[in-house]
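The next block holds one structure in the form of structure tokens; read it before the comments.
Throughout, read-outs are computed from the coordinates displayed, never taken from laboratory work. Just so it is clear, the structure is predicted and the values come from calculations on it, not from any experiment. Cβ atoms come from the backbone with ideal geometry, glycine included; neighbour counts cover every protein chain shown.
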Amino acid sequence: MTREELIKKAREARALAYVPYSKFKVGAALLTKSGKVYLGANVENASYPLCNCAERNALYHAMMNGEKKEDFVAMAVTGKTAGPISPCGACRQVISELFPKDAPIYLTNLEDALLETTIVELLPFAFDDSDL
Ligand code: THU
């Protein structure tokens with residue numbers, strides 16, 4: 001699957017967002033070594049802190065289908081932003097635990113903005129199991 005195809009999947013995932021409060025839909029798509037794609041969208045709640053982001057939902061979706069950190073090869077995230085969408089701090093922490101350090105993360109918007117990055121760039125000096 002190409003980068004553009006994975007980005008298209010993230011846009012499809014975005015359509016599944018449940019966002020009655022923020023109205024801000026986000027979509028994420030995770031590609032595995034075997035070629036499977038797992039989607040995630042944000043799911044909100046009237047109790048606002050319980051809102052779950054697209055990136056975390058995609059990762060948890062994949063893990064509940066038996067995928068492991070080393071199985072992931074790329075992730076795409078998209079939203080209606082002016083430039084490439086910026087994952088929140090909580091998602092960066094979760095990505096850093098569950099997604100390979102050097103795998104590409106494509107941050108996009110609904111137009112042609114694209115930032116290809118990694119979790120190490122997004123969350124340098126991350127807290128991890130070696131700190132425990
Ligand atoms: N959100 C995501 O799903 N991912 C991001 O990268 C940024 C923020 C969600 C959380 C909430 O449902 C809405 O966007 C507004 O913050």
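For segment 49-78, residues that are over 15 Å from residue 99 (Cβ atoms), near the ligand (Cβ under 9 Å from one of its atoms) and assigned to a helix (DSSP H, G or I) total 0. Of all residues in segment 1-22, those being in a loop (DSSP other than H, G, I, E, B) and among the aromatic types (Phe, Trp, Tyr) number 1.
Residue-wise test of (1) over 16 Å from residue 105 (Cβ atoms); (2) not polar (S, T, N, Q).
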residue	(1), (2)
28	no, yes
34	yes, no
41	yes, yes
50	yes, yes
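Exactly one residue among 86, 96 is among the polar types (S, T, N, Q) and part of a helix (DSSP H, G or I), and that residue is 96.
So which residues in segment 58-70 are touching a residue at least 24 places away in the same chain (Cβ under 8 Å) and surrounded by fewer than 17 Cβ atoms within 10 Å (Cβ to Cβ), if there are any at all? 63, 65, 69, 70, listed by residue number.
Residue count for segment 23-44, restricted to those that are more than 11 Å from the chain's Cα centre (by Cα), near the ligand (Cβ under 9 Å from one of its atoms) and assigned to a loop (DSSP other than H, G, I, E, B): 4. Counting residues in segment 118-131 that are within 12 Å of the ligand (Cβ to nearest atom) and either part of a loop (DSSP other than H, G, I, E, B) or under 22 Å from residue 3 (Cβ atoms) (or both) gives one or more.
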